[in-house]
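I have placed the structure first, in the form of structure tokens, so that the comments after it can refer back to it.
The values are calculated or read from the model by the stated rules, or taken from the named source; none is laboratory data. A quick note: this is a predicted structure, and the numbers were derived from the prediction, not measured. Positions of Cβ are generated from backbone atoms using ideal geometry, with glycine treated the same way; all protein chains shown enter the neighbour counts. These area figures cover heavy atoms from the full protein model, side chains too; ligands, DNA and RNA do not enter into them. Shrake-Rupley method; radii C 1.70, N 1.55, O 1.52, S 1.80 Å.
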Amino acid sequence: VALVLAVHDIPLAGHLERVERDRLVTSLERDAFIMAGRAEEALEAGTADEEPILRSMVTRYQRDEDVRVAIIDADGIGAVGSDTDIVEQDFTNRPEVVEALSGVPTTGERFSTTLGEDLFYVAVPVLSGEEVVGAVRLSAPERVVSDRAASRVRGLLAVALISLLIAVAVAWMFARSVTRPIARLQGATDQIAAGALSARADEHD
């Protein structure tokens with residue numbers, strides 16, 4: 001059973017991790033485009049930092065998803081953010097933001113000197129017609145994304161372990177049912193060997 005589980009689950013675990021990671025990336029891209037749509041008018045009017053609905057949406061999203069959100073104006077300056085340090089911060093030194101402000105959505109990983117660790121990001125342009133009026137960036141430490149993807153693998157390993165334990169329990173019960181009569185016969189022969197010549201094994205058992 002252990003061999004079958006290993007042959008089946010090791011390739012499946014890698015596949016599940018890739019699928020879950022792709023699903024997370026797609027989900028973040030979708031959320032970024034939704035936020036871009038909601039921020040379009042405010043960014044175009046230059047009033048994004050005065051919109052309580054935008055701030056509430058960004059704060060709630062960070063709380064629920066554990067993802068940092070930055071809504072950035074056309075000049076690359078933070079207009080609304082899930083953290084206070086995002087507002088008025090210059091994002092033009094972030095390559096993903098530069099790409100988004102050029103009209104190209106981008107997803108990837110890079111080392112963040114601010115965080116001191118690898119960063120996962122999704123950055124999409126905010127469009128008003130054909131004009132780029134800003135960008136939305138969602139970011140999180142890469143380990144957060146990896147942990148979410150690995151959670152599916154942990155679930156698979158838990159199922160495999162339960163399957164193995166059930167197999168061991170069933171095998172032990174089956175083995176006991178086979179060896180119990182032999183053990184009783186051995187007990188009777190031990191008694192005879194010890195001199196109890198009247199000892200008998202139950203022929204029905």
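Annotations for the structure displayed:
- Hits in segment 66-99 (condition: assigned to a helix (DSSP H, G or I) and at pLDDT below 90): T84, D85, I86
This table checks each residue for (1) farther than 22 Å from I77 by Cα; (2) open to solvent by 60 Å² or more (accessible area, probe 1.4 Å); (3) not hydroxyl-bearing (S, T, Y).
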| position | (1), (2), (3) |
| --- | --- |
| S112 | no, no, no |
| V126 | no, no, yes |
| G129 | no, yes, yes |
| V136 | no, no, yes |
| R143 | yes, yes, yes |
| D147 | yes, yes, yes |
| R152 | yes, yes, yes |
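- Segment 15-31 - residue that is acidic (D, E) and open to solvent by 50 Å² or more (accessible area, probe 1.4 Å) and, of those, farthest from D147 (Cα to Cα): E29
- Enumeration of residues in segment 59-107 that are charged (D, E, K, R) and under 29 Å from the mean Cα position of the chain (by Cα): R60, R63, D64, E65, D66, R68, D83, D85, R94, E96, E99
- Within segment 185-205, considering residues that are outside any helix (DSSP H, G or I) and not aliphatic (A, V, I, L, M), the one least open to solvent (accessible area, probe 1.4 Å): G195
- Test: L164 is open to solvent by less than 90 Å² (accessible area, probe 1.4 Å), under 30 Å from Y121 (Cβ atoms) and modelled with pLDDT of 90 or more: no
- Hey, S198 under 52 Å from the mean Cα position of the chain (by Cα) and not acidic (D, E) or not: no
- Yes/no for V80 being among the aliphatic types (A, V, I, L, M), in contact (Cβ under 8 Å) with a residue 12 or more places away in the chain and within 30 Å of A13 (Cα to Cα): no
- Per-region count, segment 39-53, residues in a helix (DSSP H, G or I) and buried (at least 17 other Cβ atoms within 10 Å of the Cβ): 7
- When the test is whether a residue is surrounded by 11 or more Cβ atoms within 10 Å (Cβ to Cβ) and aliphatic (A, V, I, L, M), A175 does not pass it.
- Annotation: of all residues in segment 109-156 being under 13 Å from the mean Cα position of the chain (by Cα) and among the small types (G, A, S), the one that is nearest to L24 (Cα to Cα) is A149.
- Condition met for I10 (among the β-branched types (V, I, T) and farther than 16 Å from E65 by Cβ): yes
- Where a residue in segment 142-167 is among the basic types (K, R) and its partner, wherever it lies, is open to solvent by 30 Å² or more (accessible area, probe 1.4 Å), with Cβ under 6 Å and at least six apart: R152/L16
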